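Just so it is clear, none of the values below were taken in a lab; they were calculated from the coordinates. Keep in mind it's a predicted model, so treat the numbers as computed, not measured. Every residue, glycine as well, gets a Cβ built from its backbone with ideal geometry; the counts of neighbours run over all protein chains shown.
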Amino acid sequence: MSTLRQGQEYLYQVIKRPLVTEKSSSQTALGKYTFEVLKDATKIDIQKAIELLFPGRKVKEVRTIYMPSKEKRRGKKIGRTQSGKKAIVTIEGEPIEELLGA
C-alpha cells in the first residue's frame, strides 16, 4: 500500500455517498447501510472510512458489489452508464441517525 492510500484524506474520499433506496431503507432496521464507494477501495479501507466518518460506531461486516456499466439507448444514440462499486456495511451499536430517512 502506498502512503497515498493510508492517509485520512484518502479515507474521506472512499465513501462517495449513501445509497437510499426502498431496499436499503428496510435494511437499516438490521443495522445495514449502503454506500457508493471508490472502485479501487478495499473492504478494510471502507471499514476505516466508516469508523472515521461516524465516530462511536463499530463496523461488524463489509460486503462489496461491483456494478458494471449498462448500454442505454436514446433514439439512435447509444451510450453507456457509469460503472461503480457499492458497499453494504453492517454496524454494531446505535443506528446512524443521519441515514435513517426520517
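Relative to the first principal axis of the alpha-carbon coordinates of the chain, what is the inclination of helix 43-53, with its axis defined by its Cα atoms, in degrees from 0 to 90 and to the nearest 10? Between the helix axis and the principal axis of the chain, the angle is about 60 degrees. Over the chain, Cα pairs under 8 Å with separation of 6+ residues give a relative contact order of 30 percent.
In this structure, the amide hydrogen of M67, modeled 1.01 Å from its nitrogen in the peptide plane, lies closer than 5 angstrom to those of G84, K85, K86, counting only residues at least 5 positions away or on a different chain. Springs join every pair of Cα atoms under 10 Å in this Gaussian network model of the chain, and among V59, V14, V37 the largest mean-square fluctuation is at V59. What you get for the chain, charging only the Cβ of Lys and Arg (+1) and of Asp and Glu (-1), is a dipole of about 920 debye around the Cα centre.
Springs join every pair of Cα atoms under 10 Å in this Gaussian network model of the chain, and among K16, K43, K70 the largest mean-square fluctuation is at K70. With respect to the cross-link table entries K43/K70; K48/K72; K32/K77, which display a Cα-Cα separation exceeding 28 Å? Distance filter (> 28 Å) returns K48/K72; K32/K77. Taking the centroid of alpha carbons for each part, the range 5-48 and the range 54-87 are 11 Å apart. Comparing F35, G56, G79 along the charge dipole axis of the chain, the residue lying farthest to the positive side is G79, per the Cβ-charge model.
Taking I78, I88, I65 as the candidate residues, the one with maximal mean-square fluctuation in a Gaussian network model of the chain, Cα springs under 10 Å, is I78.
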